[in-house]
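Taking it in order: structure first as structure tokens, then the write-up.
The values are calculated or read from the model by the stated rules, or taken from the named source; none is laboratory data. Just so it is clear, the structure is predicted and the values come from calculations on it, not from any experiment. Cβ placement follows ideal geometry from the backbone for every residue including glycine, while neighbour counts extend to all protein chains displayed. With ligands, DNA and RNA removed, areas are computed over all heavy atoms of the protein, side chains included. Shrake-Rupley method; radii C 1.70, N 1.55, O 1.52, S 1.80 Å.
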Amino acid sequence: MSMEGNDNNQKYVLSSLDNALSILNLFFDKDEMSVSDISARMGINRSTVFRMLVTLERRGFLTKKENAKYRLGGKIFSLGQVAYSRMELIPLVHPYLERITEQTKETSHLVIMDDANHIVFIDKVVGTLSLKMDTPEGLRLNAHLSAAGKAILAYKPQSFLEQYTETADFPFSTEKSIKNAEEFIRQMKQIKEQGYAVDDEESEIGLTCYGVPVLDTSGQPIGAVSSSGPTSRMTVNREKYIAVLRSNVKLLSESME
């Protein structure tokens, strides 16, 4: 039955897309390949392969190295992260978001890296007070413009941070936004020392967020949990809210061991 269904669907397969996906599959076995390598493996002429590679590179699925060879790009990593998070991370973390919101009455979020420069909000529990933050799931931001993003970045390797400073923009969302690479590196060191990050109206005036990284068993950040709300409430309750975040993330980490 299954094989028959596959045969019936064959007429709907778009050959160019099928070939492009087959090219991506080649990278399961090889770290990097040239146009000639891929052409030989696929049995497709070089010009056709080249056009596919350029398209995949343009969309971020491949990246071209200085030696003219291609390797997997950041978009592949991002899709894998999102798929993993939706299947594994969200069900695991959501009960702790509920606890955080129950204890603070503020909106709590789960955030992961979307690519090398951006974070994406993948889950939330909305606060129960009349004035609250309600960020749409799927929202992407420059990582350093949010407490959760900064919490993740601070636990990345130094080489990752150096690359971030070279490729990320430092737009002035507000006067309090991080202005340059030097300020960014200084904040990363401070965040790692204290174990949490603060967005003090850096993305939007009147909005303050606190973020704590979620680390795997090797100490690498796989996401971050944050609490967000009006600056007036968040500032008054700063120590309490940060303690709530840290205690719940600690329980979460213990459940992952």
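Divide by every residue of the chain the summed helix terms, -39500 (n - 2.57) for each DSSP H run of at least 4, and state the resulting mean residue ellipticity at 222 nm, rounded to the nearest 500 deg cm²/dmol.
On the way: 11 runs with 123 residues, N = 257.
Calculated from helices alone, the mean residue ellipticity at 222 nm is -14500 deg cm²/dmol.
Can you give the relative contact order of the chain as a percent, counting alpha carbon pairs under 8 Å and 6+ residues apart?
On the way: 414 pairs, mean separation 37.3, N = 257.
The normalised contact order for the chain reaches 15 percent.
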Under a point spin-label approximation (7 Å from Cα along Cα-to-Cβ), what is the Arg46-Arg58 distance to one decimal in nm?
2.2
Ignoring ligands and nucleic acids, what accessible area does Arg238 show with a 1.4 Å probe (Å², nearest 10)?
80
What residue among Ser177, Ser159, Ser228 has the largest mean-square fluctuation in a Gaussian network model of the chain, using Cα springs under 10 Å?
Ser159
If amide H atoms are built 1.01 Å from N in the plane of the peptide, which residues on other chains or at least 5 residues away come under 5 Å of the amide H of Leu207?
Glu201, Thr231
Take Ser218 and Lys176, extend 7 Å from each Cα along the Cα→Cβ direction, and tell me the distance between the two endpoints in nm.
3.6
Amide H proximity to Met133 below 5 Å, modelled H, separation 5+ or other chain, gives Thr107, Gly127
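Ignoring ligands, DNA and RNA, what accessible area per residue does the chain give at 1.4 Å, in Å²?
Per-residue accessible area for the chain comes out at 54 Å².
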Tilt, helix 74-84 to longest principal axis of the chain (alpha-carbon atoms), in degrees rounded to tens, equals 60
Return the whole-Å distance between the Cα centroid of the stretch 210-233 and the Cα centroid of the stretch 111-131.
10
For Asp29, Asp216, write out the residues from largest to smallest accessible area, computed with a 1.4 angstrom probe and no ligands counted.
Asp29, Asp216
Report in % the part of the accessible area of the chain that belongs to carbon and sulfur, leaving out ligands and nucleic acids; probe 1.4 Å.
51
Let me check against my output: what whole-number percent is the relative contact order of the stretch 171-216, with C-alpha pairs under 8 Å and at least 6 apart?
37
